[in-house]
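Trainee: This is the structure I want to talk about, given as structure tokens.
The values are calculated or read from the model by the stated rules, or taken from the named source; none is laboratory data. Owing to the predicted nature of the structure, the values given are computational and were not obtained by experimental measurement. Using ideal geometry, Cβ is built from the backbone for each residue, glycine included, and neighbour counts are taken over all protein chains shown.
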Amino acid sequence: MKRIQYQQYGGPEVMRLEQFALEAPGKGEVAVRVRFAAINPIDWKLRQGEMRIVTGIRFPRAMGMDLSGTVMSVGAGVTRFKVGDEVFGQARFKQCGALGQAAIACEGALALKPANLGFDQAACLGSPGITAWNALIDKAGLVAGQHVFINGCMGAVGEAAVQIARKHGIRVSGTCGAADMARAHAFGVENVLDYRQADLSQLDERYDAVVDTAASMDSGTGFGLLKPGGVLLDLHPTPGKFIKALFSRRLKMVVCTPRPELLDELARAAGDGSLRLTIAREVPLSEAIALIAAIEGGQRLRGKAVVRMG
């Protein structure tokens, strides 16, 4: 089988499409024959070595987190899945491997794919859906009738957050590019602002939570948009921000954290049509390295990029 991997940390030039032998799944693990993988910024951040304190220095290292496919085998103790099940979710964080023809995933990072959901769509749900749920439901604890402001509401995480919020009866306002404003309105965003034009410090409305998916909002502006008791959700944590959050009840760090019941909720939402992510580009595995390099280099897509393994 083939996958994208690298022999040292670095830029796009270190990626190679190479043969590999898939290990047997360990206790609580599932081997998945990958049908589609979705490209995420975390893929090249890990390859660049930003998390080497976790990922270590053993090579080759595989790329890719978000996947969909069919269960090939299961390890000891696995009860949620059996051979032949169609699943989606995430490969193991430390080892990755979704950008290949097969990968190992932890049982708790997968869910059964709804029968009416394509493998391409299912592959997109992992990181964006989990992160959005972690932010809105787990960290902010938002409930029906409350109001959230999403900075970057039509990026992948933003799009997932809008739909998850609306499914829970949560009101949504936010920013996006001018070309995506009509799409944001169609998703149910009440007040949509062009991020290039809006001065968020001048808004009169106050919100129960502010989610900065675009990593472009300074904390002062974010705090200024909050109602009393509201929270600013930062999706791009650093050690300094974690320390700051320890001393502020209004600031919460969000780290993508899958768990079975969360994945099952995403599956139900995708199955009933209330959660769909826009796909902008699909390529075969043979063309994936070029596409990753282009997106990493600044190419903007109005939706997710997915890789087909067939």
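Trainee: Taking Glu86 as the residue in question, decide whether it is at pLDDT below 95 and acidic (Asp, Glu).
Mentor: For Glu86, the condition - at pLDDT below 95 and acidic (Asp, Glu) - is not met.
Trainee: Of the conditions (1) touching a Lys or Arg at 6+ places or on another chain (Cβ under 7 Å); (2) closer than 23 Å to Ala109 by Cβ; (3) in a loop (DSSP other than H, G, I, E, B), Lys252 clears all except one; give me its number.
Mentor: (3)
Trainee: Consider only pairs whose beta carbons are under 7 Å apart and that are at least six residues apart or on different chains; among these, list those whose first residue lies in the stretch 9-33 and is within 17 Å of Leu67 (Cα to Cα) and whose second residue is among the aliphatic types (A, V, I, L, M) and at pLDDT below 95.
Mentor: No pair meets every condition.
Trainee: Taking the criterion of being on the phi > 0 side of the Ramachandran plot and modelled with pLDDT of 95 or more, would at least one residue in the stretch 194-213 satisfy it?
Mentor: Looking through the stretch 194-213, none of the residues is on the phi > 0 side of the Ramachandran plot and modelled with pLDDT of 95 or more.
Trainee: Is there any pair with a first residue in the stretch 163-187 that is assigned by TED's automatic domain parsing to the domain that holds Gly222 and of a type in the set (Ser, Thr, Tyr) and a second that is surrounded by 16 or more Cβ atoms within 10 Å (Cβ to Cβ) and part of a helix (DSSP H, G or I) whose Cβ atoms are under 8 Å apart and which are 6 or more apart or on different chains, and what are they?
Mentor: Partner pairs satisfying both residue conditions: Thr175/Leu200.
Trainee: Sticking with this one: If you scan the stretch 170-192, which residues turn out to be farther than 22 Å from Ala140 by Cα and surrounded by fewer than 21 Cβ atoms within 10 Å (Cβ to Cβ)?
Mentor: Within the stretch 170-192, Gly177, Ala178, Ala179, Met181, Ala182, Arg183, His185, Ala186 meet the criteria.
Trainee: Is it the case that Leu301 is free of Cβ contacts under 8 Å to residues at least 24 places away in the same chain and in a strand (DSSP E or B)?
Mentor: no
Trainee: Still on this structure: Restricting to the stretch 214-239, count the residues that are closer than 17 Å to Met154 by Cβ and either among the charged types (D, E, K, R) or touching a His at 6+ places or on another chain (Cβ under 9 Å) (or both).
Mentor: Counting residues in the stretch 214-239 that are closer than 17 Å to Met154 by Cβ and either among the charged types (D, E, K, R) or touching a His at 6+ places or on another chain (Cβ under 9 Å) (or both) gives 1.
Trainee: Condition test on Leu266, is it under 21 Å from Val34 (Cβ atoms), at pLDDT 95 or above, aliphatic (A, V, I, L, M) and in contact with a Gly (Cβ under 9 Å, 6 or more places away or on another chain)?
Mentor: So Leu266 fits the description; yes.
Trainee: Test Val148 against the stated conditions and say whether it is at pLDDT 95 or above, farther than 30 Å from Glu29 by Cα, more than 20 Å from the chain's Cα centre (by Cα) and not charged (D, E, K, R).
Mentor: no
Trainee: I need the full set of residues from the stretch 45-71 which are hydroxyl-bearing (Ser, Thr, Tyr) and without any contact (Cβ under 8 Å) to a residue 40 or more places away in the chain, in order please.
Mentor: Passing the criteria: Thr55, Thr70.
Trainee: Which ones in the stretch 82-98 are within 11 Å of Arg33 (Cα to Cα) and of a type in the set (A, V, I, L, M)?
Mentor: Val83, Val87, Ala98
Trainee: Quick check: anything in the stretch 129-137 touching a residue at least 40 places away in the same chain (Cβ under 8 Å), crowded, with 19+ Cβ neighbours inside 10 Å, in contact with a Ser or Thr (Cβ under 6 Å, 6 or more places away or on another chain) and within 20 Å of Arg302 (Cβ to Cβ)?
Mentor: Looking for residues that are touching a residue at least 40 places away in the same chain (Cβ under 8 Å), crowded, with 19+ Cβ neighbours inside 10 Å, in contact with a Ser or Thr (Cβ under 6 Å, 6 or more places away or on another chain) and within 20 Å of Arg302 (Cβ to Cβ), one finds none in the stretch 129-137, hence no.
Trainee: Still on this structure, I have one more. Evaluate the stretch 131-138: report whether one residue or more is touching a His at 6+ places or on another chain (Cβ under 8 Å) and either modelled with pLDDT of 95 or more or within 26 Å of Phe223 (Cβ to Cβ) (or both).
Mentor: Within the stretch 131-138, one or more residues are touching a His at 6+ places or on another chain (Cβ under 8 Å) and either modelled with pLDDT of 95 or more or within 26 Å of Phe223 (Cβ to Cβ) (or both).
Trainee: Turning to a different aspect of this structure: What do you reckon, is Lys167 at pLDDT 95 or above, surrounded by fewer than 23 Cβ atoms within 10 Å (Cβ to Cβ), of a type in the set (Lys, Arg) and out of contact with any Lys or Arg (no Cβ under 7 Å at 6 or more places or on another chain)?
Mentor: Criteria met by Lys167.
Trainee: Just to confirm my filter: which helices (runs of 4 or more DSSP H) fall fully inside the stretch 111-213 and include at least 1 residues that are aromatic (Phe, Trp, Tyr)?
Mentor: Correct list: 119-124, 126-133, 181-187.
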